[in-house]
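Taking it in order: structure first as structure tokens, then the write-up.
The values are calculated or read from the model by the stated rules, or taken from the named source; none is laboratory data. These numbers were taken from a predicted model, which means no experiment stands behind them. Here Cβ is always computed from backbone atoms with ideal geometry, including for glycine, and neighbour counts include all displayed protein chains. The accessibility values were calculated without ligands, DNA or RNA, using every heavy atom of the protein model including side chains. Shrake-Rupley method; radii C 1.70, N 1.55, O 1.52, S 1.80 Å.
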Amino acid sequence: MLDVNHIRKDFPILSRTIYGKPLVYLDNAATSQKPKSVIQSLVDYYESYNSNIHRGVHTLSMEATDRHEEARSKCTRFIGAKEEKSLIMVRNTTEAINLVAQTWGKYNISEGDEILTTHMEHHSNLVPWQKLAKQNGASLKFIELNEDGMLDLSNINKLITERTKLLALTHMSNVLGTINPVKELIEIAHKMGAKVLIDGAQSVPHMKVDVTDMGCDFFAFSGHKMLAPTGIGVLYVKPEILEHMEPFLFGGDMVSQVWDDTATWNDLPWKFEAGTPNIADAIALGVAVDYLRDLGMENIHLHEKELTSYALKAFSELEEDLTLLGPRDVERRGGIMSFHTNKVHPHDLGTFLDHDGIAVRTGHHCAMPLMRSLELPATVRASFYLYNTENEIDKLIASLKSALYYFSNGSH
Ligand code: PLP
């Protein structure tokens, strides 16, 4: 089990106060806080070995290159990939998915083909496919949701056909918390000859992920949701697919030989990493992975399951006033609690909570098609991570109760 009191000491920001109250940070699905070791790794890089990588023969450049590639190895092991060359360092999940759409997608999805996705995707795993479909004359199809906020798979064999070239699916919903049965869906898609991209932005930070066991063809995630800085993320591509993919961006570092009118490409994965990469933040991502591995992903997942059970119970007390979205079974969901009430607009509720020191997210959570299908303009979302406590959930519930009272009766 996690020693959360001990862990919290590693996160300087958690000792902040907001309006004189201790910060209760429940906006982890948007971005996580960073431990001292990650912050220090950025200082170390800039103070001791800041240098450009790959091209240098001097000590600083070799040190930076080693640490950058070491970060790639750590991420490779962390997600159960077999080869380091199958991991491309990108800015974030969004860039990773665009890379797949505009390289593999551009050449493998054509007129009449179908891209299957779901109605719980973040815009990052929808808009790149809309663009590609328009570009190449393909069409988009959707797996709908049932009332519990889980995928309705009753007609999956009709939705995935020989025309389906890609299934693009989130591992865990950033609004509903739903954890999708990705392995099962990958097997079905593969039987029909389709490739599968998994958006792991919300899963990798919170549970053990093994891309080899899962069998996905593409897997994307962002560092900033898993204790690392912003501006660094990872795309995993199955090596046999990556070997045949065209580059995404063109320029320095991604080439082998350049002539006046043509060029040849660098080895994998650098063929996909044009220009000076985000060296410092990649190294810091490696340090974040060390931190998560030291705690153990199973322990983190278990801790969040306990928080989720606790929160589900606490929210059930407010059932009359607040509607909670997503599955009720902790085996099928993560620690993301989205809710709404007809008594207060989500933004007002979010502002009220902020005055109690509680940080939550309000809005459409970059999932407008989902919001539209739920007929909601917005929700409030509280999302947990390894440093959150039951006591913080108590504070959230107490503040929600007083907000509901305030907005119904006009006093605090
Ligand atoms: N996919 C999911 C499920 C997300 O929750 C997010 C961010 O909230 C993204 C993709 C996009 O991540 P990023 O903004 O880091 O590219």
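Assorted remarks:
- Only residues that are open to solvent by less than 10 Å² (accessible area, probe 1.4 Å) and assigned to a loop (DSSP other than H, G, I, E, B) were counted in region 221-240, giving 4.
- Filter result for residue 116 (more than 16 Å from the ligand (Cβ to nearest atom) and open to solvent by 40 Å² or more (accessible area, probe 1.4 Å)): no
- Residue 102 falls short on exactly one of the conditions (1) surrounded by fewer than 19 Cβ atoms within 10 Å (Cβ to Cβ); (2) away from the ligand (no atom under 16 Å from the Cβ), and that condition is (2).
- Complete set of residues in region 43-68 that are open to solvent by 40 Å² or more (accessible area, probe 1.4 Å) and within 18 Å of residue 284 (Cβ to Cβ): 43, 44, 46, 47, 48, 50, 52, 60, 63, 66, 67
- Cβ separations smaller than 6 Å between residues 6+ apart or across chains give the following pairs from region 296-314 residues that are over 20 Å from residue 78 (Cβ atoms) to residues that are acidic (Asp, Glu): 310/390.
- Filter result for the condition that a residue is within 27 Å of the chain's Cα centre (by Cα) and within 16 Å of the ligand (Cβ to nearest atom), over 14, 42, 26, 2: 26
- All positions within region 166-220 that are surrounded by 24 or more Cβ atoms within 10 Å (Cβ to Cβ), at positive phi and away from the ligand (no atom under 13 Å from the Cβ): none
- Some residue of region 389-411 being touching a strand residue (DSSP E or B) at 6+ places or on another chain (Cβ under 8 Å) and either surrounded by fewer than 15 Cβ atoms within 10 Å (Cβ to Cβ) or outside any helix (DSSP H, G or I) (or both): no
- Yes/no for residue 347 being in contact with a Gly (Cβ under 8 Å, 6 or more places away or on another chain), more than 23 Å from residue 230 (Cα to Cα) and open to solvent by 30 Å² or more (accessible area, probe 1.4 Å): yes
- Every residue from region 241-274 that is within 19 Å of residue 94 (Cβ to Cβ) and either within 16 Å of the ligand (Cβ to nearest atom) or open to solvent by 40 Å² or more (accessible area, probe 1.4 Å) (or both): 248, 249
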